[in-house]
Amino acid sequence: MQATVRASPNIALIKYWGKRDEKYNLPAVSSISITLDEIWTETKINFSPNHKRDILTINNVQQDDTRRVSDCIDSICGEHRNFACVSSKCNFPISAGLASSSSAFSALVIAINQAVNKGYELQDLANEAGKASGSAARSMLGGFVELENKKNKIQINQLLQSEDWPLRVVIAITDSQKKAVSSSEGMKLSSKTSPFYNSWVKNQSEDIDEARKAILSQDFLRLSEISEHNCMKMHSVMWTSRPSIVYWNSATIECMHAIRELQKKGEFVFFTIDAGPQIKAVCLPECESKVVNILKEIRGVSSVLQSGLGQEPQIK
Ligand code: DP6
């Protein structure tokens, strides 16, 4: 009745922003991501008839609110179950736009399935992870992952394995505080108030097709162009929500300019930004040290994390 699973967050290149079904947390758009490896969440779950309620600790701090985790366990095990003790550790800042929920919930659903021997298939578990947090479904696979919107569910497909195209990711941390507007709240606001929301949803499949082609042909410049464009479109939807949602700070913009300068000098690097102020620079391995050296000197960048592309979650 216990299991431990380590999973890595993923970073979307073609973003998910908006939901078509709040109850099942189904995304309004398909998305494409890369799964990381050097940064991870490790989750241990232990079910026991002796527990009086679900207990959740994150990085050794007991949490008051276990709702999302308890709902996820109920959804897989049913409500007539033993309570569980869930302990989760991350080696990176949580709730700051580094997609900690993606690694947390992908690790959790696999750990539950393993601990109670449910025998769920990968796609079912991906739907369970996605119900808890949309981006978590993509961390169920390694390398380059497409999340496809199907009729009443989602499907995840691996486009390339990490070894096929071993890109590097440099993450500049510009603020590690919890973000002011959660992704879920932000998406709700954008879908109701941004005049750009409908066109964002409508045009997503073109970006998905373009990125898929770029990935399958390992065309870095093509992937770079469509990823930055899709990122800027998502942030335009955020900025034009009412009230406006601006996750960036001045260091985020400085980093963006610095990456544009590197591109002008012929370096193979592009940026992407999620629901937080961190900049994620995706690059070819030979450009990594230059990218790190430039980003870490920018005022407001407190630290720089480096990662390759990784595998699906591992049962320990
Ligand atoms: C900007 O997966 O955190 O990172 O489903 O409400 O938990 P919920 O949202 P979440 O949203 C991620 C949004 C994003 C873009 C992306 O990862 O695709």
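Things to note:
- Residue within the stretch 217-240 that is without any contact (Cβ under 8 Å) to a residue 40 or more places away in the chain, open to solvent by less than 10 Å² (accessible area, probe 1.4 Å) and touching a helix residue (DSSP H, G or I) at 6+ places or on another chain (Cβ under 8 Å) present: no
- Filtered by the rule that a residue be over 17 Å from Ala104 (Cβ atoms) and open to solvent by 80 Å² or more (accessible area, probe 1.4 Å), the stretch 43-63 gives Pro49, Asn50, Lys52, Arg53.
- Filtered residues of the stretch 130-146 (kept if of a type in the set (Gly, Ala, Ser), touching a strand residue (DSSP E or B) at 6+ places or on another chain (Cβ under 9 Å) and within 13 Å of the ligand (Cβ to nearest atom)): Gly130, Gly134, Ser135, Ala136, Ala137, Ser139
- Odd one out for Glu206 among (1) closer than 21 Å to Glu148 by Cα; (2) open to solvent by less than 10 Å² (accessible area, probe 1.4 Å); (3) not hydroxyl-bearing (Ser, Thr, Tyr): (2)
- Of the residues making up the stretch 169-197, those that are touching a Pro at 6+ places or on another chain (Cβ under 8 Å) and either outside the structural domain of Ala251 (by TED's automatic domain parsing) or of a type in the set (Val, Ile, Thr) (or both) number 2.
- Residue list for the stretch 83-124, restricted to those being more than 16 Å from the ligand (Cβ to nearest atom), of a type in the set (A, V, I, L, M, F, W, C) and open to solvent by less than 60 Å² (accessible area, probe 1.4 Å): Ala84, Cys85, Val86, Ile110, Ala111, Ile112, Ala115, Val116
- Candidate set: the stretch 157-172, residues that are in contact (Cβ under 8 Å) with a residue 24 or more places away in the chain and within 16 Å of the ligand (Cβ to nearest atom); chosen: the one nearest to Ala137 (Cα to Cα): Leu159
- The number of residues in the stretch 28-41 being within 12 Å of the ligand (Cβ to nearest atom) and either surrounded by fewer than 24 Cβ atoms within 10 Å (Cβ to Cβ) or in a loop (DSSP other than H, G, I, E, B) (or both) comes to 3.
- Summed over the stretch 79-115, the residues that are part of a strand (DSSP E or B) and under 17 Å from Lys280 (Cβ atoms) give a count of 1.
- Complete set of residues in the stretch 178-207 that are β-branched (Val, Ile, Thr) and away from the ligand (no atom under 12 Å from the Cβ): Thr193, Val201
- Residue count for the stretch 97-137, restricted to those that are without any contact (Cβ under 8 Å) to a residue 12 or more places away in the chain and over 14 Å from Glu312 (Cβ atoms): 3
- Reported count of residues in the stretch 299-316, each being crowded, with 19+ Cβ neighbours inside 10 Å and either in contact with a His (Cβ under 6 Å, 6 or more places away or on another chain) or more than 23 Å from Arg6 (Cα to Cα) (or both), is 1.
The values are calculated or read from the model by the stated rules, or taken from the named source; none is laboratory data. Keep in mind that this is a model prediction, so the values were computed, not measured. Heads up, the Cβs are rebuilt from the backbone with ideal geometry, glycines too, and the neighbour counts pull from every protein chain shown. Remember, those area values only see protein heavy atoms, side chains included, never the ligands or the DNA or RNA. Shrake-Rupley method; radii C 1.70, N 1.55, O 1.52, S 1.80 Å.
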